[in-house]
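What follows is a single structure, written as structure tokens, with notes after it.
The values are calculated or read from the model by the stated rules, or taken from the named source; none is laboratory data. Since we're looking at a predicted model, the values are computed, not measured. When we count neighbours, we look across all protein chains shown, and the Cβ atoms used for this are built from the backbone with ideal geometry, even at glycine. For the accessible areas, the whole protein counts, side chains as well, though only heavy atoms, and no ligand, DNA or RNA atoms are used. Shrake-Rupley method; radii C 1.70, N 1.55, O 1.52, S 1.80 Å.
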Amino acid sequence: MSFKPNSLNLLLLLAILLAPICCRAQVKVEREYRISPEQVPQEAVQFVRAIGFSRRIKWYKEETERSTTVEAKSRKEGQKYSIEFNLNGKLEDVEVSMHWRDLDDAVQAYITKTLDAIFKKHRLIKIQKQFVGAPEQLLQFLQNPDQYAPPTTNYELVIAGKEKRSFKKYEFLFNAQGVLIKKTEIVVKNTDHLDN
Amino acid sequence: MQKKITAIIFLLSGLCFGQSSFQFGILPSVNLSKGLPHDFKVNFKIESRQEFKSGTFNGDRKGNYNYLLTDFQTIVAKNVALNKSAALGYFIRFRGEQVVHRSIQQFIINSNYPGLRLSHRFAADQTFTPLKAPVFRLRYRIAKEVALSGQTVDPKEFYLKFSNEYLNEWQGGTYDLEIRVLPFLGYAFNPGGKLELGLDYRLDTFVSGPPRHRFWIGLNFYKSI
């Protein structure tokens, strides 16, 4: 038994030629890519500069079906910061990385109870504090967190959980008391090219 | 053209040549995968091996095109955690008139980091060829995907993929080790469609004899259906 070689080469050639067409799929397109500071609204650049990051600031543009935003990422005093703006440079929120153990015990308990009710099994992948408020108030707080009261604080958690029979990844938003505000499923990136 | 190909082979091998043999050619593949209920996934792969040149570095070389073989592989995987999967597979190879059968077992762990993803693949396979002793292999491969725009690979973006694999092989009481190094450049058309081009370098038979260097131009197409 033999396999005609030309058939496979033809199949591969067809796959490559048709890839841009057949791969113009009907799935949600989400993109995040690096941009230069020159491509960012001045209002956003000035806000981020005023915070006083010691490390380099990286700017990204995020495109989803619903909106496009620009985001600055950097570090300050060992914590990762992510600051999101709309395309006009208006501040949307500030997110700062944190550890689960830094949450109040009562808030931890409330969040855990909520997650236990949803999932058979779950694991925390990431937790961030999310600050929302007027830009001036946020900037004052970020420049001097010991001197000013924090603005509205929420907690954003990325959780891997087993719901029914499938493992999935979710983003949860809880308020400062640990009450659930929003739950969004995160589409896990395809790994076919890594597994095979 | 033949002189240029020979020069590339010398530059890339970097090992003592002596009686080392080499093969150079192309290794195109098409991978189709489909998600199934309850965290199962099936992957079907067709791959061919086509030789352009072979010989020894300081001896005879032949430069005729030679279609060597075609492989068909089916793997069924199940997620056992969000980033871990276990898989069983079957593989059949047509090499001229010879048909080779292989059974495959795999365990994969994927990790995400800002800007890159790592995949660890632990595998075992058993190969059965008529009139030959079966071959048993234990394999480990690490693969790293690096996004070239942003922190993750998104549609319409390029990425780099580096893989390094070690294959321990036993056949009829004889042991051999094969090492593979695969640097690839990839492009994601959409979340389920990717095309990659790169080098699949394989070094084996060096444990108990002259090394064999194989340089395959890899051209991989992935489509999730």
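Are any of the residues in segment B:165-176 of a type outside the set (Asp, Glu), surrounded by 16 or more Cβ atoms within 10 Å (Cβ to Cβ) and in contact (Cβ under 8 Å) with a residue 40 or more places away in the chain? Within segment B:165-176, none of the residues are of a type outside the set (Asp, Glu), surrounded by 16 or more Cβ atoms within 10 Å (Cβ to Cβ) and in contact (Cβ under 8 Å) with a residue 40 or more places away in the chain.
Only residues that are more than 13 Å from chain B (Cβ to nearest Cβ), open to solvent by 50 Å² or more (accessible area, probe 1.4 Å) and within 20 Å of the chain's Cα centre (by Cα) were counted across segment A:56-79, and they come to 6.
Is it the case, given these coordinates, that residue B:103 is away from chain A (no Cβ under 13 Å), farther than 24 Å from residue B:212 by Cβ, out of contact with any helix residue (DSSP H, G or I) (no Cβ under 9 Å at 6 or more places or on another chain) and open to solvent by 20 Å² or more (accessible area, probe 1.4 Å)?
Working: away from chain A (no Cβ under 13 Å): yes; farther than 24 Å from residue B:212 by Cβ: yes; out of contact with any helix residue (DSSP H, G or I) (no Cβ under 9 Å at 6 or more places or on another chain): yes; open to solvent by 20 Å² or more (accessible area, probe 1.4 Å): yes.
Considered against the rule, which asks whether it is away from chain A (no Cβ under 13 Å), farther than 24 Å from residue B:212 by Cβ, out of contact with any helix residue (DSSP H, G or I) (no Cβ under 9 Å at 6 or more places or on another chain) and open to solvent by 20 Å² or more (accessible area, probe 1.4 Å), residue B:103 comes out as yes.
Name the single residue that is nearest to residue B:71 (Cα to Cα) among those in segment B:124-156 being open to solvent by less than 40 Å² (accessible area, probe 1.4 Å) and touching a Gly at 6+ places or on another chain (Cβ under 7 Å). Among them, the one singled out is B:146.
From the residues in segment B:80-108 that are under 18 Å from the mean Cα position of the chain (by Cα) and among the aliphatic types (A, V, I, L, M), which one is nearest to residue B:154 (Cα to Cα)?
Filtering segment B:80-108 for residues that are under 18 Å from the mean Cα position of the chain (by Cα) and among the aliphatic types (A, V, I, L, M), the one nearest to residue B:154 (Cα to Cα) comes out as B:108.
Against the condition among the hydroxyl-bearing types (Ser, Thr, Tyr), farther than 20 Å from residue B:149 by Cα, surrounded by 13 or more Cβ atoms within 10 Å (Cβ to Cβ) and touching a residue at least 24 places away in the same chain (Cβ under 8 Å), how does residue A:82 come out, does it pass? It is false that residue A:82 is among the hydroxyl-bearing types (Ser, Thr, Tyr), farther than 20 Å from residue B:149 by Cα, surrounded by 13 or more Cβ atoms within 10 Å (Cβ to Cβ) and touching a residue at least 24 places away in the same chain (Cβ under 8 Å).
Restricting attention to segment B:33-67, the residues that are in contact with a Ser or Thr (Cβ under 8 Å, 6 or more places away or on another chain) and among the aliphatic types (A, V, I, L, M) total 2. Restricting segment B:193-225 to residues that are touching a residue at least 60 places away in the same chain (Cβ under 8 Å) and small (Gly, Ala, Ser) leaves a set whose member that is farthest from the other protein chains (Cβ to nearest Cβ) is B:218.
Among the residues of segment B:143-192, those identified as within 19 Å of the chain's Cα centre (by Cα), within 14 Å of chain A (Cβ to nearest Cβ) and among the aromatic types (Phe, Trp, Tyr) are B:159, B:162, B:184, B:187. Filtering segment B:41-74 to residues that are at the interface with another protein chain (Cβ under 8 Å from one of its Cβ atoms) and either among the charged types (D, E, K, R) or farther than 20 Å from residue B:28 by Cβ (or both) leaves only B:45.
Could you please tell me which pairs satisfy a Cβ distance under 7 Å, a separation of 6+ or placement on different chains, a first residue in segment A:113-128 that is at negative phi, and a second residue that is among the hydroxyl-bearing types (Ser, Thr, Tyr) and modelled with pLDDT of 90 or more? Taking only residues 6 or more apart or on different chains, the pairs are A:127/A:155; A:128/A:97.
Residues in segment B:44-72 that are in contact (Cβ under 8 Å) with a residue 40 or more places away in the chain and open to solvent by less than 30 Å² (accessible area, probe 1.4 Å) were compared, and the one that is nearest to residue B:95 (Cα to Cα) is B:49. Selection of segment A:145-189 for residues being at pLDDT below 90, under 14 Å from residue A:130 (Cα atoms) and surrounded by 15 or more Cβ atoms within 10 Å (Cβ to Cβ) yields only A:151.
Of these, B:77, B:123, which one is closer than 23 Å to residue B:213 by Cα and either within 20 Å of the chain's Cα centre (by Cα) or within 11 Å of chain A (Cβ to nearest Cβ) (or both)? On inspection, the qualifying residue turns out to be B:123.
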